[in-house]
Amino acid sequence: PMDGRMQFTVGSDKDPTDLRVSFLPTHLGQSITARILLRVIAKLVAPDLASLPYSPEDKEKILRQLDKAYGLVVANGPAGCGKTTTLYALINHVNSPDVKIMTIEDPIEFFHEHKKSTINQREVGVDVPSFAEAIRRALRQDPDVILVGELRDLETIEAAITAAETGHIVFGTLHTNGAQGTINRIIDVFPTSQQEQIRTQLSEAVIGILAQQLLPRIGGGRVAAYEMLIVLPAIKNLIRENKTYRITSSIQTGQKYGMQLLDDHLFQLWKDGVVEEKEALYKANEQDSLAARIVAEKQGLFEAAEDAENRLAKEKGNTKVKAKAPAKAKRGH
């Protein structure tokens with residue numbers, strides 16, 4: 001297998017496009033996968049929050065995570081869901097104040113321009129040997145913000161938690177589903193003998209988890225559906241006391257704090273006519289539960305329309321009013 005990258009221009013377009021390619025030998029020849037990354041300007045410039053497929057209200061919820069002085073923020077979801085792009089946009093937002101930012105990536109996907117901040121970008125395998133070693137080296141450079149491209153192993157996760165504990169904002173990504181699954185995954189990476197200690201450390205280090213999915217928007221384009229966990233004192237206790245199985249229900253009851261379940265957001269997007277039903281169900285964590293909610297909503301809409309038709313008929317003096325089927329009488333014993 002071979003991986004590489006190249007730049008090219010098309011027609012009169014002077015801005016190059018970045019192409020990531022992966023070659024894999026097969027029985028019948030080479031299999032090639034190419035990923036095209038369009039450029040904002042002549043180099044891959046990091047996106048800003050305005051370019052993300054979020055509503056203004058949702059962007060505001062996400063930005064609140066940046067108000068903390070330090071802590072770990074994890075974005076999770078499957079490959080291609082846009083979690084890295086979201087983190088880049090957050091870094092670009094942080095780029096405005098006078099802070100020092102370090103990114104550790106494999107590979108570097110976007111190039112950040114200096115605004116008021118100083119940004120140092122390092123690529124694993126080129127500038128540093130590993131994510132974990134890069135984090136340890138970064139701590140000696142006095143950064144305010146660290147972006148870790150992928151929390152892929154115990155050593156990297158441990159280094160990221162340490163960085164968050166020692167007064168840095170740390171952004172990282174994981175290939176997990178949902179906030180509860182992310183917390184469990186981080187803990188399960190460690191040996192059983194260390195898990196009690198890591199639960200205590202993680203409860204103090206993590207400040208927020210964003211689970212993201214991208215869906216086709218009706219009418220064209222894409223829209224983001226997300227799950228948001230804000231680590232309040234009650235959530236810290238659940239992590240510390242090994243009661244992470246209650247995190248999902250805590251998110252559901254914590255909407256007034258800005259929390260949100262992915263399936264709730266998917267339901268709302270379907271209800272608002274933003275996405276198709278099949279797309280919402282395909283991305284849901286609990287497909288059967290979401291399907292039942294959609295069926296109930298459709299039934300409620302049908303009954304509401306029928307009631308409105310009956311009222312209108314009565315107002316017009318129409319005696320042919322639809323009557324709902326009476327409930328079956330129970331047989332006496």
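The values are calculated or read from the model by the stated rules, or taken from the named source; none is laboratory data. What you are looking at is a predicted structure, and each value in this text was computed from that prediction instead of being measured. Reconstructed Cβ throughout: ideal geometry from the backbone, glycine too, with neighbour counts over all protein chains shown.
The figures follow:
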| item | result |
| --- | --- |
| Hey, residue 193 within 30 Å of residue 272 (Cβ to Cβ) and either of a type in the set (Ser, Thr, Tyr) or not assigned by TED's automatic domain parsing to the domain that holds residue 55 (or both) or not | no |
| Any hit, region 48-56, residues being among the acidic types (Asp, Glu), assigned to a loop (DSSP other than H, G, I, E, B), touching a helix residue (DSSP H, G or I) at 6+ places or on another chain (Cβ under 6 Å) and modelled with pLDDT under 70 | yes |
| Helices (runs of 4 or more DSSP H) contained in region 130-245 and holding at least 1 residues more than 30 Å from residue 59 (Cβ to Cβ), at pLDDT below 95 and of a type outside the set (Gly, Ala, Ser) | 131-139 |
| Matching entry among 246, 222 (being under 16 Å from the mean Cα position of the chain (by Cα), basic (Lys, Arg), assigned by TED's automatic domain parsing to the domain that holds residue 267 and surrounded by fewer than 18 Cβ atoms within 10 Å (Cβ to Cβ)) | 222 |
| Residues being out of contact with any helix residue (DSSP H, G or I) (no Cβ under 8 Å at 6 or more places or on another chain), closer than 18 Å to residue 156 by Cβ and among the basic types (Lys, Arg) - total across region 76-123 | 1 |
| Breaking point among (1) in a strand (DSSP E or B); (2) more than 24 Å from residue 236 (Cβ to Cβ), for residue 113 | (1) |
| Sole residue being surrounded by fewer than 16 Cβ atoms within 10 Å (Cβ to Cβ), of a type in the set (Val, Ile, Thr) and without any contact (Cβ under 8 Å) to a residue 12 or more places away in the chain, chosen from 192, 166 | 192 |
| Residues that are surrounded by 17 or more Cβ atoms within 10 Å (Cβ to Cβ) and of a type in the set (Lys, Arg), drawn from region 115-163 | 122, 152 |
| Residue count, region 305-328 (criterion: modelled with pLDDT of 75 or more and closer than 30 Å to residue 264 by Cβ) | 3 |
| Unique match (being in contact (Cβ under 8 Å) with a residue 12 or more places away in the chain and either over 24 Å from residue 146 (Cα atoms) or of a type in the set (S, T, N, Q) (or both)) among 254, 219 | 254 |
| Flag for residue 285 being modelled with pLDDT of 90 or more, among the polar types (S, T, N, Q) and over 19 Å from the mean Cα position of the chain (by Cα) | no |
| Search result, residues across region 246-258 that are at pLDDT below 90, in contact with a strand residue (DSSP E or B) (Cβ under 7 Å, 6 or more places away or on another chain) and in a helix (DSSP H, G or I) | 257 |
| Those residues of region 124-158 which are among the charged types (D, E, K, R) and either in contact with a helix residue (DSSP H, G or I) (Cβ under 9 Å, 6 or more places away or on another chain) or under 27 Å from residue 190 (Cα atoms) (or both), in sequence order | 127, 133, 136, 137, 140, 144, 150, 152, 153, 155, 158 |
